[in-house]
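The values are calculated or read from the model by the stated rules, or taken from the named source; none is laboratory data. Bear in mind that the values here come from a model prediction, so they are computed numbers and not experimental data. As a convention, Cβ positions derive from the backbone with ideal geometry for all residues, glycine included, and neighbour counts pool all protein chains shown. SASA here: full protein model, heavy atoms, side chains in, ligands and nucleic acids out. Shrake-Rupley method; radii C 1.70, N 1.55, O 1.52, S 1.80 Å.
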Amino acid sequence: MDIRICKECGFILGTRPNSKDKDGVCLACHNKDRKNQINWQERQNWLTQYLKERKNPSSNYDVVVGVSGGKDSCAIVKRLIENHGVEPSRLLLVHVMDEFTPSKAGLYNLDNLVKTFDMDLIHFRLAPKTFVKETRKSFFEELHPLKWIEAQLYAKPLEVAKAYQIPTVFMGENFDFEYGVSEECGIFHSSSSDEVNVIFLGSIWPYSNTDSLKQARQIGFKTLSDFDDWQRQGSADDYTQIDSIGYMMQHWTKFIKFGFQRVSDLACRFVREGVMSKEQALRLIKDKDWVCDPAAKKDFCRTIGISEDEFNATVDKFANKDLLVKDENGNWRRRDLI
Ligand SMILES: [Zn+2]
């Protein structure tokens, strides 16, 4: 099988489920041009008006934001309050926990976000034995370990909104648009209903990592490098997806099945955002995308009660041999980058 990469950003083509490409360029790069044609100011004015009209006097809250405490959570909350007139006391944060070890940076950032704006927060802890059972099942059967919790991360803020009769839930980036699965940068998520609308803030403000980090930094967001508990490997940055250590295995297992993980996702985004060259991105991908963070692997195995040998055997079973080959140290690597 020929391994193709996007002419513009260097991302591997044709392996991300449901992704599209045209003329050797990934849809995410095509969407970059679409993004420049959107009238963002008009969308921002619309949202301010929408929020005014959707205040709900019969509930204590007007909006729900599902948060991890990461940079995107900070950026969403900050913009809703500072740019769209949402009162902090009318904004309810919902944090869905997993059973992995939280990082110091993650704990600090969530606490800092809540204190900065003085908001109510629900920690939604899911039944721990069910978490372990479901994670093991999707790991062993599909090498898609966090399938269950990812669905819960989305579902629980909506359930809370319905229970409290809160009409709007905010999410961050419009992932299908940003990652080149869809050409549409719509405002509402498809699960919006009469009861609850789900809005992507990334469809109101042009989403970028650089912008989210800037917004988050303004309210005191810290990165992994500000703490000493986790020197993360196999990553292109120290500020995205930093809350939960074992969670990283969700990303790394994508490398095994599809030949890319977070380093590719991030580095190619940096190219689209104009802060990295394609050559730099390709270098990062070659050097780091295959690396499995040892702390994350250990935390993952400990949490779901499996040995590292069992982990490795399952990875070998699912490894995409069209894309990957083992190097002399026993690591799976992309065939075209070894
Ligand atoms: Zn591209």
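Could you tell me whether Lys104 is surrounded by 15 or more Cβ atoms within 10 Å (Cβ to Cβ), closer than 20 Å to Val263 by Cα, among the basic types (Lys, Arg) and more than 16 Å from the ligand (Cβ to nearest atom)?
Against the criterion (surrounded by 15 or more Cβ atoms within 10 Å (Cβ to Cβ), closer than 20 Å to Val263 by Cα, among the basic types (Lys, Arg) and more than 16 Å from the ligand (Cβ to nearest atom)), Lys104 does not qualify.
From the list Leu284, Leu323, which residue is buried (at least 18 other Cβ atoms within 10 Å of the Cβ) and more than 25 Å from Phe140 (Cβ to Cβ)?
Just one listed residue meets the conditions, Leu284.
Within the stretch 1-30, restricting attention to residues that are part of a helix (DSSP H, G or I) and near the ligand (Cβ under 7 Å from one of its atoms), which residue is farthest from Gln261 (Cα to Cα)?
It comes out as Cys29.
Looking for something within 13 Å of the ligand (Cβ to nearest atom), among the charged types (D, E, K, R) and surrounded by 14 or more Cβ atoms within 10 Å (Cβ to Cβ) - is there at least one such residue anywhere in the stretch 79-92? Quick ask: steps written out before the conclusion?
Let us first name the residues in the stretch 79-92 that are within 13 Å of the ligand (Cβ to nearest atom), namely none.
Among the residues of the stretch 79-92, not one is within 13 Å of the ligand (Cβ to nearest atom), among the charged types (D, E, K, R) and surrounded by 14 or more Cβ atoms within 10 Å (Cβ to Cβ), which makes the answer no.
Among Ser235, Ser212, Ser225, which is crowded, with 20+ Cβ neighbours inside 10 Å, polar (S, T, N, Q) and either over 19 Å from the mean Cα position of the chain (by Cα) or not in a loop (DSSP other than H, G, I, E, B) (or both)?
Ser212
Considering the stretch 31-56 alone, what residues qualify as being more than 28 Å from His251 (Cβ to Cβ), out of contact with any His (no Cβ under 6 Å at 6 or more places or on another chain) and either within 16 Å of the ligand (Cβ to nearest atom) or among the hydroxyl-bearing types (Ser, Thr, Tyr) (or both)? Can you show your working first?
First pass over the stretch 31-56, keeping only residues more than 28 Å from His251 (Cβ to Cβ): 36-56.
Retained after the next criterion (residues that are out of contact with any His (no Cβ under 6 Å at 6 or more places or on another chain)): 36-46, 49-50, 52-56.
Correct list: Asn36, Tyr50.
Could you tell me which numbered condition Gln165 fails, if it satisfies all but one of (1) assigned to a loop (DSSP other than H, G, I, E, B); (2) more than 19 Å from the chain's Cα centre (by Cα); (3) crowded, with 16+ Cβ neighbours inside 10 Å?
It is condition (3) that Gln165 fails.
For every residue, the table says whether it meets (1) touching a residue at least 12 places away in the same chain (Cβ under 8 Å); (2) of a type outside the set (D, E, K, R); (3) open to solvent by 30 Å² or more (accessible area, probe 1.4 Å); (4) under 18 Å from Arg16 (Cα atoms).
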residue	(1), (2), (3), (4)
Ser138	no, yes, no, no
Pro145	yes, yes, no, yes
Leu153	yes, yes, yes, no
Val160	yes, yes, no, no
Tyr179	yes, yes, yes, yes
Ile187	yes, yes, yes, no
Ser190	no, yes, yes, no
Ser193	no, yes, yes, no
Val198	yes, yes, no, no
